[in-house]
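Trainee: Dropping the structure in here first, questions after.
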Amino acid sequence: MNFTVMAQPDVSTTAAVSEMFSFTGFPELLVRFGINLAVIILLVRWLYYSGSRRKDYLFTYILISTVVFFLCYLLESVTLQIGFALGLFAIFGIIRYRTNPMPIKEMTYLFLVIGVSVINALTAGTSIYEILFANLAVLLITFGLEKVWLLRHTSSKSIVYEKINLIVPEKYDEMIADLRERTGIQEIKKVEIGSINFLKDTCRMIVYYDDKSRSVNLADQDGFIKPDNDDDD
């Protein structure tokens, strides 16, 4: 008697293929990504960019948020160790030591962008209302700090000043009046005197003033312009 053995399809392979082309979790992905993208746009484009006008960071924040969201969401089914979470924040070390230093405010927004994306992606079993509340809380707190409480922004400007006879404490008011007239900055809050060159009768100073526009002055950021080292020539 001959028996014909029929090849049975691999159940695991069939299940894997069926799961690959399944649309079961796709609506949840769309909802979560929509929430995340809307929050990031409000956080970065409205709150951050309206004050800083830095298009380079605007580009970076939105793309980092998108990549981190999909990375976390698509790996949610994989057992994530603590090294994965720490690896996300290793970005700070890479940016700090491999590129020009980021200002503290930009670093804070980068932390917000990554944190919000992780919250929106890795919250399995959490209701949509809790996710919305977490995002809304971040937006409201950032809005309060950025637009309500911090109405005045103190900026600084580095100046090489030649009237060193006015830097003495007795002539402080006269020096402030001279700086206001020559720089056009009226709301000077404080002046710090740096190195003094008696050979050239100049000194370096930093002028702190209230900046209503709250724009970033790249020319006065450390590392943007190399200082001259010929003061003693």
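Trainee: Expected output is a single nm value to one decimal: the length gained when fully extending between Leu71 and Asp173, i.e. 0.36 nm times separation in residues minus the C-alpha distance. What is it? Walk me through the numbers on the way to the answer.
Mentor: Details: separation 102, 0.36 × 102 = 36.72 nm, distance 5.76 nm.
This chain segment gains 31.0 nm when fully extended.
Trainee: R0 = 25 Å: FRET efficiency of Val160 with Ile104, Cβ-based, nearest 0.05? Mind dumping the intermediate values first?
Mentor: Numbers: r = 26 Å, r/R0 = 1.05.
Step by step, r from the Cβ atoms, then E = 0.45.
Trainee: Step through the table entries Lys55/Lys105; Lys55/Lys190; Lys147/Lys189, compare each Cα-Cα distance with 23 Å, and write down the pairs that go over it. Walk me through the numbers before you get to the answer.
Mentor: Numbers: Lys55/Lys105 15 Å; Lys55/Lys190 30 Å; Lys147/Lys189 21 Å.
Cα-Cα > 23 Å for Lys55/Lys190; rest within.
Trainee: Follow-up. At Asp56 and Phe133, where each label point lies 7 Å from the Cα along Cα→Cβ, what is the point-to-point distance in nanometres?
Mentor: Each label point lies 7 Å from its Cα, and together they span 4.1 nm.
No value in this document is a laboratory result; all are computed from the given coordinates. None of the values given here were measured: they were computed from a predicted structure. In this analysis, Cβ positions are derived from the backbone assuming ideal geometry, glycine residues included, and neighbour counts consider all displayed protein chains.
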